[in-house]
Amino acid sequence: MKQDHPYVGVDGIITNDKGEILLMHRTAGAYTGYWGLIAGAIEWGEEVKDALKREAMEEIGVELGNIKFTGRYYDKIGRHPTKTFICLPHTCDIISGTPRPVSECDEVRWFPKEEVRKMTLAYDHKQMLEDLDLI
């Protein structure tokens, strides 16, 4: 494992009125080829919610609102293949825009929770969804 410093990231958990979960198919970085939540590192001088808003706009072209910290954090060694990454998941809603691939993904789709239960997701995103009883 790379010896550096810990990174802090955000994860966006978005559901619709049918209880489906929004996932993106990753094409860049760690876990390329896997489905996962909107996620990314907080940049220097950036507040947590602003980082999540930026990641959502950069990755899937939507504006987020109703952002709420889940009260859980994830820091298991090995959750990221090359870095020590502490992640702060948040539930949130799309307040404008239609989810579409913008960067770091080639597909964005709503999945029923039954299907997500059977999937292997990037990082520990599946654990995050299980911990919130979403799958």
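For segment 51-83 and segment 107-132, write down the distance between their C-alpha centroids in whole Å.
14
How about segment 1-71: which GluC sites (Glu not before Pro) there are in a DSSP loop, with at most 13 other Cβ atoms within 10 Å of their Cβ?
On the way: sites: Glu20, Glu43, Glu46, Glu47, Glu55, Glu58, Glu59, Glu63; in loops: Glu20, Glu43, Glu46, Glu47.
The qualifying sites are Glu43, Glu47.
If we restrict to alpha carbons, what Rg and Dmax does segment 86-135 come to, in Å?
According to the Cα coordinates of segment 86-135, Rg and Dmax are 12.3, 30 Å.
Of the accessible area of the chain, with the probe set at 1.4 angstrom, what percent is carbon plus sulfur? All intermediate terms of the calculation are to be shown ahead of the outcome.
Numbers: 3560 of 7270 Å².
For the chain, the apolar C and S fraction of the accessible surface comes to 49 percent.
Within segment 105-120, list the residues whose amide N lies under 20 Å from a label point set 7 Å along Cα→Cβ of Thr32.
Under 20 Å, as judged by backbone N against the label point of Thr32, lie 105-108, 120 of segment 105-120.
Just in segment 1-105: which trypsin sites (Lys or Arg not before Pro) are loop by DSSP and have at most 10 other Cβ atoms within 10 Å? Spell out each step's value before the answer.
On the way: sites: Lys2, Lys18, Arg26, Lys49, Lys53, Arg54, Lys68, Arg72, Lys76, Arg79, Lys83; in loops: Lys2, Lys18, Arg72, Lys76, Arg79, Lys83.
Listed in order of number, the matching sites are Lys2, Lys18.
From the list [x] -1.00, -1.13, -1.27; [y] -0.97, -1.02, -1.07; [z] -1.32, -1.41, -1.47, can you say which value of log10 I(q)/I(0) by the Debye sum over Cα atoms at q = 0.18, 0.19, 0.20 Å⁻¹ was derived from the structure given?
[x]
For the pair Gln127 and Val102, what calculated FRET efficiency results from E = 1/(1 + (r/R0)^6), where r is the Cβ-Cβ distance and R0 = 22 Å, to the nearest 0.05? Present the calculation step by step, with values, prior to reporting the outcome.
Details: r = 26 Å, r/R0 = 1.19.
After rounding to 0.05, the efficiency reads 0.25.
Once both labels are modelled 7 Å past Cα along the beta-carbon direction, what's the Glu58-Asp75 spacing in nm?
According to this spin-label approximation, the distance is 2.3 nm.
Just name one of Gly19, Val48, Trp35: the one whose Cα is farthest towards the positive end of the charge dipole of segment 1-59 (beta-carbon charges, Lys/Arg +1, Asp/Glu -1).
Working it through, the farthest residue towards the positive pole turns out to be Trp35.
Suppose every K and R has +1 on its Cβ and every D and E has -1 on its Cβ; what is the size of the dipole of segment 17-135 about the Cα centre, in Debye to the nearest 20?
Details: 16 positive and 21 negative charges, 66 e Å.
The dipole magnitude comes to about 320 debye.
The values are calculated or read from the model by the stated rules, or taken from the named source; none is laboratory data. The shown structure was predicted, so the numbers you read here are calculated from the model rather than taken from an experiment. Every residue, glycine among them, receives a Cβ derived from its backbone with ideal geometry; neighbour counts consider all protein chains shown. Note: accessible area is taken over every heavy atom of the protein model, side chains too, but ligands, DNA and RNA are not part of it. Shrake-Rupley method; radii C 1.70, N 1.55, O 1.52, S 1.80 Å.
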